[in-house]
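To keep things clear, I will list the structure first and then write my remarks on it.
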Amino acid sequence: MADSGSEEIAVIGNTDLTPSESENNLKNTMVEKGTSLLKKMEISVAEAEKRTGKNAVNMQETYTVYLIETRPVDAASEGTNPVPDSLWRRYSEFELLRNYLLVAYPFVVVPPLPEKRAEFVWHKLTADNMDPDFVERRRVGLENFLLRVASHPVLSTDKIFYSFLTEENGWKETVFETGFQAKADSRLKALNATFRVKNPDKRFAEMKHYGDELQSVISQLLRVRARAADRLYGVYKVHGNYGRVFSEWSAIEKEMGDGLQSAGHHMDAYAASVDDILEEEEHYADQLKEYLFYADAVRAVCRKHELTQFELEMAAQDLISKKQQREELATGTVRTFSLKGMTSKLFGQETPEQREAKLKMLETQIEEGEELVKERKTECDEYVKSAWVDIERFKEQKDHDLREALISYAIMQISMCKKGIQVWNNAKECFSKM
């Protein structure tokens, strides 16, 4: 199928990024800090094209590529209109870019990609990912993804993202050279942290729960909308039957014929308009789907915090254990039911030299443990600070986008109802003239 060769990677962020590496990510820029790439470059996904070729296992496949066009904003403001730079990308390359961003910037609510295969479809829509209408909607979604990233205060400054937009060859090699796949957290590791963390941040716990609820509510809304679209389609097509009956009736009437014929034409036009209306509805459904997928990005940031907090707690717990061992060795008191206590019972007490050597080793381990706890604490605090700034940015964006989408959807529904009323008013006038 279209993108069957794409690599699926379960990532929620990168546990192995040190504070210095995170800082390097912020400095790894193509534009100055605080300025988004979108202010310097026009970006669009201009068209989609179906191609056929051989995949990695030498089998023939059909896939879709998307044309990315970029041009400097300065050129447009100066009145010139240069030919834009352009390159083709597959959907799997967009996936690779997003997976890299998830690992490199775990504190960011990374914008989602449009769906790979159609979900929440009504009966007139196909789930085929090669369907032209679906490919066109996905083209719009991919452009929206690029614009979201290009306008983000942190993601837009990434060199890998810039090369994705401007370098057709060698881009994948550059991504893999970063080693991001080896740094990706496994879902099992994240799940373990979720259940074992003792002191989760209440704000992140609530935000994670909100992500679950948001996904559930939008899923229900999309299902309701799909059912409503099915019924709406049926209502409109029934008006097509009105048109056919009025036209047939007009053929057997002399005085009433013209009025019936005109009413039939109004009904036919009304029935034919349903396709454009439902196509517009799909546009609003895609806007809702974006936030359906955004919910998982929010949860990923929260899961990463749980993992960071869990690692801090484990380091602190290990340090406490080492200090307790030092105290036992220094005082000579050993807990009877500990492993050390049972060993002493079976094999006798250690010699003073052995105890001294162990004490020195424990002192070294305690020093290292204290440094690790301090490092984990700094990492956790920095993550909380950075992540919460981006979550607040996301919430503001979400409130604005969903409000505008729902208002526009309501206006569309009102307009659609007015057209229905107008059709019947026109039919009424036709009947009055008979």
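Which listed residue (Met256, Gln287, Ala272) has the Cα farthest towards the positive end of the charge dipole for segment 245-310, taking +1 on Lys and Arg C-beta and -1 on Asp and Glu C-beta about the Cα centre?
Gln287
Could you work out the local net charge near Gln365, counting Lys and Arg as +1, Asp and Glu as -1, over the other residues with Cβ closer than 12 Å to its Cβ?
Here the count lands on -1.
What size of dipole, in debye to the nearest 20, comes out for segment 211-252 about its Cα centre when the only charges are +1 on Lys and Arg C-beta atoms and -1 on Asp and Glu C-beta atoms?
Around 140 debye, computed over segment 211-252.
Nothing charged except the Cβ atoms of Lys and Arg (+1) and of Asp and Glu (-1): what's the magnitude of the dipole of segment 239-330 about its Cα centre? Round to the nearest 20 debye.
Result for segment 239-330 is approximately 760 debye, rounded to the nearest 20.
Calculate the spin-label point distance for Asp74 paired with Ser216, positioning each point 7 Å from the Cα along the beta-carbon direction, and give it in nanometres.
So the two model labels end up 5.3 nm from each other.
Rounded to the nearest 20 debye, what is the charge dipole size of segment 231-288 about its Cα centre when +1 sits on each Lys and Arg Cβ and -1 on each Asp and Glu Cβ?
In debye, rounded to 20, segment 231-288 gives about 360.
What accessible surface, in Å², does a 1.4 Å probe find on Trp249, ignoring ligands, DNA and RNA and rounding to the nearest 10?
Accessible area, nearest 10 Å²: 100 Å².
Looking at the square roots a ≥ b ≥ c of the eigenvalues of the Cα gyration tensor of segment 177-304, which shape do they give, rounded for a/c under 1.5, prolate if a/b is larger than b/c, or oblate?
prolate
The values are calculated or read from the model by the stated rules, or taken from the named source; none is laboratory data. Since we're looking at a predicted model, the values are computed, not measured. So basically every Cβ, Gly included, is an ideal-geometry build from the backbone, and we count neighbours across all protein chains shown. SASA here: full protein model, heavy atoms, side chains in, ligands and nucleic acids out. Shrake-Rupley method; radii C 1.70, N 1.55, O 1.52, S 1.80 Å.
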